[in-house]
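Asker: What follows is a structure written as structure tokens; I'll ask about it next.
What follows is calculated from the coordinates using simple rules that are stated; it is not laboratory data. Just so we're clear, the structure is a prediction, and the values are computed from it rather than from any experiment. Ideal geometry is used to build each Cβ from the backbone, glycine not excepted, and the neighbour counts take in all protein chains shown.
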Amino acid sequence: MEDRQKEFSGVMPPREGLDIDSRALDRYLRAHVHGYEGPAEVFQFRGGQSNPTYRIDTPRKRYVLRRKPPGKLLQSAHAVDREYRVITALAETDVPAPRTYLLCEDPEVIGTPFYVMDCMEGRIFWDSVLPGLEPEERREIYLSMNKTIASLHNVDYEALGLSDYGKPGNYIARQVARWTKQYRASETEEIPEMNRLIDWLPEHIPESDETTIVHGDFRMDNLVFHPKEPRVIAILDWELSTLGDPRADFSYHGMMYQMPRDIFNGIAGIDLKSLGIPEEEEYISAYCRRTGRQGIENMRYYYAYNMFRLAAILQGIVKRHIDGTAASKQAEEMGKMARPLAELGWSQVEKLPADSKR
């Protein structure tokens, strides 16, 4: 896992097919960003699988640019305009988000639409076990993640002007339908457990009347931590954000407790106490306390749903790799986890009482 930290951290020259005309970008930023001074030097971040992300270095300041990838894209995917909108709105809250500068929807500037935000200088952890840290710091990092997702779910989205950021109600049903469609559009091989989940999930959706902003991909490596302190200073990668069921969003984050180390950097089966990492029950309780809940029912369902959803996302990465438009050279390896994730998702269903599975 130490190799994962090295492999995904830092920047590099833009990959072939994902390069940016730095002179064209420089001219545009000079004209549209107050206080911008070039010239711009462009580097691509090693991590990230969907929207290519770049660090823009200038003599006085660093910026971050996220763009749509080139090529034929799945419908509704890679919506950088939505990312820009929600990050900008959250500047008025206690949710840690970068400052935004502009959204450019003109594909003529660098080839695809993009937006620019602050470069948050800090630490990104690609290994959820946090090697090299002391147990107390690990604990505080986990509790900071917990506090951050609770803060997001406590935001009054209507007060931020985000009432139309998604459709309240029927979130799970719409998500299952959406990711089933996306999965079928990018399917490259038959995965029996995905087919079972596609049949089972719509028939067993828990009742819910809650709606909040949901991030959609809230996990450790989508967070920037303070350079020295164990606290989150920015949430990244808002591509999948919308209005939805906060329990689905939290359980996506919490399913790390159900996944072994070799499946998407999980922490199941390890000695959490010796590492200082909160146990699953404590972590769920802390979130419920911060959001005013008594508990979260149907966690097995939510875990199964999120494993299905993540497997569908990874299958899309496989397809983009085959098509040559994946944003990361690690895309093929990431995509290989679609099958084991689907199998793990179906195992959640099999752990339910018999009368709950019918």
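Asker: Magnitude of the Cβ-charge dipole of the range 11-118, K/R +1 and D/E -1, about the Cα centre, nearest 20 debye?
Answerer: Taking the Cα centre of the range 11-118 as origin, the dipole is about 180 debye.
Asker: How tilted is helix 171-186 with respect to the longest principal axis of the chain? Cα atoms for both, answer in degrees (0 to 90, nearest 10).
Answerer: Once rounded, one gets 70 degrees.
Asker: So if each residue of separation counts as 0.36 nm, and I subtract the Cα-Cα distance between D118 and R290, what length gain in nm does that give?
Answerer: 59.1 nm
Asker: What angle, in degrees between 0 and 90 and rounded to the nearest 10, separates the Cα long axis of helix 80-90 from the longest principal axis of the Cα atoms of the chain?
Answerer: So the helix axis and the longest Cα principal axis differ by about 80 degrees.
Asker: Round to a whole angstrom and tell me the spacing of the C-alpha centers of the range 215-248 and the range 157-183.
Answerer: So the two Cα centres are separated by 18 Å.
Asker: Calculate for the chain the 222 nm mean residue ellipticity that helices alone would give, adding -39,500 (n - 2.57) per DSSP H run of length 4 or more and normalising by residue count, nearest 500 deg cm²/dmol.
Answerer: -12500 deg cm²/dmol
Asker: Rounded to the nearest 0.05, what FRET efficiency do E136 and V11 give with R0 = 22 Å and r taken as the Cβ-Cβ distance? Could you check?
Answerer: 0.10
Asker: While we're on this one: For K336, give me every one of the aspartates and glutamates with a C-alpha distance below 14 angstrom, ignoring sequence neighbours fewer than eight places off in its own chain.
Answerer: By straight Cα distance, K336 reaches E187, E189, E190, D262.
Asker: Full-extension gain between R261 and H204, please, as 0.36 nm times their residue separation minus the C-alpha to C-alpha distance.
Answerer: 17.6 nm
Asker: Say R0 is 45 Å: what FRET efficiency, to the nearest 0.05, do R60 and L352 get from their beta-carbon distance?
Answerer: FRET efficiency, R60 to L352: 0.20.
Asker: Tilt of helix 135-153 relative to the longest C-alpha principal axis of the chain, in degrees (0 to 90, nearest 10)?
Answerer: 90 degrees
Asker: In addition: Label-point separation (nm) for E189 and E279, each offset 7 Å from Cα along Cα-to-Cβ?
Answerer: The answer from the label model is 3.8 nm.
Asker: Going 7 Å from the Cα of A177 toward and past its Cβ, which residues in the range 209-241 have a backbone nitrogen under 18 Å from where you end up?
Answerer: From the range 209-241, the list is 209.
Asker: Connecting C-alpha atoms closer than 10 Å in a GNM of the chain, tell me which of G276, G35, G254 has the biggest fluctuation.
Answerer: Its mean-square fluctuation being the largest, the pick is G35.
Asker: Quote the charge dipole size of the chain about the Cα centre in Debye, to the nearest 20; the model charges only the Cβ of Lys and Arg (+1) and of Asp and Glu (-1).
Answerer: Using only the charged Cβ atoms, the result is roughly 440 debye.
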